[in-house]
Amino acid sequence: MYMRLLLVLLFAWLPLTAADIWVEGEDATTRSNAPHPWWYDKVKTDALSGGAWISHFSKDGPGTVGYRVTIPAAGEYVLWLRANHVKSQLAYKVGGAAWQQVDFERDRRGAVNIAADDKPDLRYISWNRIGPMHLDAGALELRFRFEGGGNHHGAIDCFVLSDSGFVPSGIRKPGVITPAAPDSWFPVLADDDPLDPASVIDCSDLIPAPAGQFGFLKADGDSLRFSEGDKPVKFWAVNASYRQNGRAMTPEEMAHAARWYRKYGINLVRTHTVLAAAGYRGVQQGFDPERLAAYDAWFAALKAQGISSTWSVLYPHHGPVLRKTDGYDAQKFAELDAIDTGHDGAAGEAIVVSDYINLDPALQDLLWQPFHQLLSHVNPHTGLAYKDDPALVTIEIQNESNLFFHTLNGLRKNQPPSFARMLRRGFHDFAIDRYGDRDGVAAAWGKRDRDDTWDAGELGLQAPFHWGADGPLYEFKGQDRRTGDFIAYLTTLQRDYYQNRYLQLRQADYQGLIVTTAWKGVGASAAANLYCDTMGDLIDRHNYFGGGEGGHRIAPGAVSLDSHLGQPGRGLFSIFQHQVAGMPFAVSEWTMMPPNPYKAEAAPLMAMYGMGLQDWDISYHFAMHGGRYGDGWPGLGKYATATPHYMGQFPALARAVYETHVKPGRLLGQRTVDETQLFAGRDVMGLSLAGEDHDKKDSSGATTLSPRVFALGRAPIAFDAPPGPALNLDRQIAGFGDVLKTDSLTWDVQRRVVQIHSPRSAGVVGFAAGHNYTLGALEVRDVVTPFVSLLVTSLDGRDIIDSRRILVTALARDRQTDASFSDDGSQLLSPGSAPLLLEPVQATLAFSGKPIRSVRACDLHGVPRGESLEITNNRFRIDGRFTSFYYYVER
């Protein structure tokens, strides 16, 4: 049963090499420690080497443990320590040397919660690289001291002294791997990328450095172009931060991370949020100097490698930005403080403002200050104010916030009171202005609402939960006109806010692109929300798919087994229906989340269909955490770029995007929207996306346009075009049946397979086992692996049939070591631990054209290794024997 993940790996980890000394924490030769009497040691012992750790938890003082080891030969050794790092202070002493503190923030890897009850408390474990040290041959005493904090707590699972270059991951011990079988899942063992010039995946030549040399980024119709550039540009981007392991990276680490991003084809980084990154503390206090200096260094490091920056400035739901001393109305501040249970504004802490910023011009103007301050700040590394730096290509006014989502449901119940009253009065004035007087309003709307108080000049509000896609719900059922008018009123407020902020940014001399927000509207408000977003320079959206139990974390329980491949234009890609004619389009947050087993499909579909066929302009994967591959499913989080399924496929996909391997699809038609449709009180255009919660990660959506259009061509919306007949492509789409084919792509809906057959990119993505595929100059035969993402990419600008340098990227499913699932894969029983294991792609590749000289498997960093695979008549087979997902083909 394929998902039985306790199967025996076809690897044999042989005994430790002479230069790798692995010691279990519980094997201390001397000890003076006091474990907690019942709680601290309740951990998942199967996640510990040897099934146990040694711990100390005592208010009476520090504890110590000691170990005697034998060093086989003098030399430089690296000490790796697997220990509890959360709020722990640990010191170590090597022989007669002085005690030194373990810096848990310097180089921490593979942190995982091992609490038996999964509570996010102290009980975490991580590997920590203590650093190199010279050791003499012979006996050595190594001691550790648990100290600091009220309970002097700490725990050690194990440690390793190595001079072999061994990098630990989970509880895998050093050793030698015996030859693997064709179907053997193989581990991903990651260290810092050495950035070897021999790597064949390096995309640095595609990214001119430094960023900004071609002027400011501008919208040019539905494309992007630098002001001094001679052609449209696209961006293959990520969300990333300068922080790693809870601290700022050093300048050297920042430089390395930027070089690593560029190597993998990343030319743009979104900082979310830049106010948090730069340490914004409030209107009066400004920015924290240390954090601002760190962000300055990060921006400059990226710029030096040709990587531009996007600012997501404000996240109203999560970023505390407002203090009671900032000059905001005291009553309104108190109401916002009462809503924000995570911060105490009355005690002087900054609070979040949530979506109420969209209602109040006074709050909007107050929070213009951090925009202006940061734009005017001169980065000492570049010598430019941010407003004058072309490397800052995009500013997003705010993240995931508007007037059209469930986070404002409380206004219907007069919460918070000042904002609800302000909205009721504004709606009254809007209605009078539209219909003349109370009688005109009554004639238009009919039924009166319980909260209509004409004498006070207030009219009752609706909540987003009233805005059904097919018409108003609950007490407003049947009141389409009133609902449409209320949405129209909110639209004027939202557009006024965006217009004012846009003008402020331009008056501050910022010359790059401006985005409103990337968030969605509910039901009947969906089209109006999109119309508001046209106040910016491009349309931006977020979307998520896959995952399972645990919210933002991977946890035992239900697993999403959904795939896009049987439902083109759904899931992540339902947002294609939000493309607006004459405007560029971006996706600033997206991912297909683990432990979904088919997530390798997402990045190729984004590149080939989103950025290619649909001609989107920017893709930002969410999210990068640091400057190297993560361990396993990194941190058991659901948003991780630094994994093979995303970062590993970027070299092939970024090249395809930058070199336009898939040309934009033809314009199938244009949907026009007039004011009557915008404010009809129902979702006439079918643009609403599924999701009842603020951060629900499922967006399928009903629509009046067939989702299959996504696989065939473009059909944008036009808000400023003359009204026309409804666009109906059903007959045209029906002619394709279940095989949706364009010049470069074929989507077989029934088989759930996408074929890529452009001259310079070819491949198969999906449930490909048991079939052969002819893809121009490439044939893929005898596929055994049930699900694959198999990409073949020309590296020298020639068509594959003539190319002398070709990259094969071959990925399938993944899992953590010792992860276990139910027989049908629908339940995660245990997430296991690092290292990550990859299922090998088993397939035969046959090439037309000149003879193939060699095919070599590559290491994780894209450096060819060993001898060539066996080649017969320009044909070779890849499988688990080569423990790689990269192969380099030379003619």
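Quick grid of which residues meet (1) among the hydrophobic types (A, V, I, L, M, F, W, C); (2) touching a Phe, Trp or Tyr at 6+ places or on another chain (Cβ under 6 Å):
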| residue | (1), (2) |
| --- | --- |
| 163 | no, yes |
| 175 | no, yes |
| 182 | no, no |
| 191 | no, no |
| 200 | yes, yes |
| 203 | yes, no |
| 208 | no, no |
| 240 | yes, no |
| 244 | no, no |
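Going by the conditions given, is residue 210 without any contact (Cβ under 8 Å) to a residue 24 or more places away in the chain, within 26 Å of residue 298 (Cβ to Cβ) and not small (Gly, Ala, Ser)? Here the answer is no, as residue 210 does not meet what is asked. Just one residue in the set 183, 193 is modelled with pLDDT of 95 or more, open to solvent by less than 20 Å² (accessible area, probe 1.4 Å), of a type in the set (D, E, K, R) and in a loop (DSSP other than H, G, I, E, B); that residue is 193. Applying the criterion of being open to solvent by 40 Å² or more (accessible area, probe 1.4 Å) and among the hydroxyl-bearing types (Ser, Thr, Tyr) to the residues of segment 21-64, the residue that is nearest to the chain's Cα centre (by Cα) is 45. Scanning segment 621-660 for residues that are aromatic (Phe, Trp, Tyr), open to solvent by 20 Å² or more (accessible area, probe 1.4 Å) and part of a loop (DSSP other than H, G, I, E, B) yields a total of 2. Being open to solvent by 40 Å² or more (accessible area, probe 1.4 Å), free of Cβ contacts under 8 Å to residues at least 60 places away in the same chain, under 22 Å from the mean Cα position of the chain (by Cα) and under 27 Å from residue 104 (Cβ atoms), is that true of even one residue in segment 288-302? No, the conditions are met nowhere in segment 288-302.
On the basis of being touching an Asp or Glu at 6+ places or on another chain (Cβ under 9 Å), open to solvent by 50 Å² or more (accessible area, probe 1.4 Å), touching a residue at least 24 places away in the same chain (Cβ under 8 Å) and of a type in the set (D, E, K, R), does residue 136 make the cut? No; evaluated as a whole, the condition is false for this residue. Within segment 417-457, being among the acidic types (Asp, Glu) and either closer than 15 Å to residue 488 by Cα or open to solvent by 20 Å² or more (accessible area, probe 1.4 Å) (or both) holds for 429, 433, 437, 439, 451, 455.
The residues on offer are 622, 576, and the sole one that is in contact with a helix residue (DSSP H, G or I) (Cβ under 8 Å, 6 or more places away or on another chain) and aromatic (Phe, Trp, Tyr) is 576. Take the conditions (1) surrounded by fewer than 21 Cβ atoms within 10 Å (Cβ to Cβ); (2) hydrophobic (A, V, I, L, M, F, W, C); (3) more than 22 Å from residue 324 (Cα to Cα); (4) in contact (Cβ under 8 Å) with a residue 40 or more places away in the chain; residue 391 misses just one of them, which is (1).
Restricting attention to segment 251-270, which residues are open to solvent by 10 Å² or more (accessible area, probe 1.4 Å) and either acidic (Asp, Glu) or not in a loop (DSSP other than H, G, I, E, B) (or both)?
Selection gives 251, 252, 253, 255, 256, 259, 262.
With the condition kept exactly as written, say whether any residue in segment 500-509 is of a type outside the set (Asp, Glu), open to solvent by less than 10 Å² (accessible area, probe 1.4 Å) and either touching a Ser or Thr at 6+ places or on another chain (Cβ under 7 Å) or in a loop (DSSP other than H, G, I, E, B) (or both). No, the conditions are met nowhere in segment 500-509.
Is there a residue being among the β-branched types (Val, Ile, Thr), over 23 Å from residue 472 (Cβ atoms) and surrounded by fewer than 24 Cβ atoms within 10 Å (Cβ to Cβ) anywhere in segment 540-554? Within segment 540-554, none of the residues are among the β-branched types (Val, Ile, Thr), over 23 Å from residue 472 (Cβ atoms) and surrounded by fewer than 24 Cβ atoms within 10 Å (Cβ to Cβ). Residues in segment 629-659 that are among the basic types (Lys, Arg) and under 15 Å from the mean Cα position of the chain (by Cα): 638 only.
Considering only residues of segment 574-614 that are in contact with a Lys or Arg (Cβ under 9 Å, 6 or more places away or on another chain) and aromatic (Phe, Trp, Tyr), which is nearest to residue 811 (Cα to Cα)? Of everything passing the filter in segment 574-614, 598 is nearest to residue 811 (Cα to Cα). Somewhere in segment 478-488, is a residue surrounded by fewer than 24 Cβ atoms within 10 Å (Cβ to Cβ), more than 21 Å from residue 357 (Cα to Cα) and without any contact (Cβ under 8 Å) to a residue 40 or more places away in the chain? There is at least one residue in segment 478-488 that is surrounded by fewer than 24 Cβ atoms within 10 Å (Cβ to Cβ), more than 21 Å from residue 357 (Cα to Cα) and without any contact (Cβ under 8 Å) to a residue 40 or more places away in the chain. Scanning segment 485-495 for any residue that is over 18 Å from residue 422 (Cβ atoms) and outside any loop (DSSP other than H, G, I, E, B) turns up nothing. For segment 661-716, a tally of residues being of a type in the set (Ser, Thr, Tyr), in a loop (DSSP other than H, G, I, E, B) and modelled with pLDDT of 85 or more returns 1. Of all residues in segment 346-361, one or more are free of Cβ contacts under 8 Å to residues at least 24 places away in the same chain and out of contact with any strand residue (DSSP E or B) (no Cβ under 7 Å at 6 or more places or on another chain). Taking residue 473 as meeting all but one of (1) in contact (Cβ under 8 Å) with a residue 12 or more places away in the chain; (2) at negative phi, write down the number of the exception. Result: residue 473 passes all but (1). Being within 27 Å of residue 167 (Cβ to Cβ), within 24 Å of the chain's Cα centre (by Cα) and of a type in the set (Val, Ile, Thr) is a property that holds for residue 817. Within the span defined as segment 729-747, every residue fails to be of a type outside the set (A, V, I, L, M) and under 20 Å from residue 648 (Cβ atoms).
For first residues located in segment 30-48 and closer than 15 Å to residue 62 by Cβ, partners that are part of a loop (DSSP other than H, G, I, E, B) and small (Gly, Ala, Ser) and lie 6+ apart or on another chain with Cβ distances below 7 Å form the pairs 34/58.
Show me the helices (runs of 4 or more DSSP H) found entirely inside segment 285-401 where at least 1 residues are of a type in the set (S, T, N, Q) and in contact with a Lys or Arg (Cβ under 9 Å, 6 or more places away or on another chain). Correct list: 361-366, 368-376. For segment 95-107, indicate whether the set of residues that are crowded, with 16+ Cβ neighbours inside 10 Å, of a type outside the set (Ser, Thr, Tyr), assigned to a strand (DSSP E or B) and touching a Lys or Arg at 6+ places or on another chain (Cβ under 8 Å) is non-empty. No, segment 95-107 contains no residue that is crowded, with 16+ Cβ neighbours inside 10 Å, of a type outside the set (Ser, Thr, Tyr), assigned to a strand (DSSP E or B) and touching a Lys or Arg at 6+ places or on another chain (Cβ under 8 Å). Starting from segment 422-445, take each residue that is more than 30 Å from residue 357 (Cβ to Cβ) and of a type in the set (A, V, I, L, M) and list its partners that are in a helix (DSSP H, G or I) and open to solvent by less than 30 Å² (accessible area, probe 1.4 Å), counting only C-beta distances under 8 angstrom and pairs at least six apart or across chains. Within 8 Å, the pairs are 444/482; 444/485. State yes or no: is residue 362 at pLDDT 95 or above and surrounded by 17 or more Cβ atoms within 10 Å (Cβ to Cβ)? For residue 362, the condition - at pLDDT 95 or above and surrounded by 17 or more Cβ atoms within 10 Å (Cβ to Cβ) - is not met.
The values are calculated or read from the model by the stated rules, or taken from the named source; none is laboratory data. Since we're looking at a predicted model, the values are computed, not measured. Glycine also receives a Cβ, built like all others from the backbone with ideal geometry; neighbour counts cover every protein chain displayed. These area figures cover heavy atoms from the full protein model, side chains too; ligands, DNA and RNA do not enter into them. Shrake-Rupley method; radii C 1.70, N 1.55, O 1.52, S 1.80 Å.
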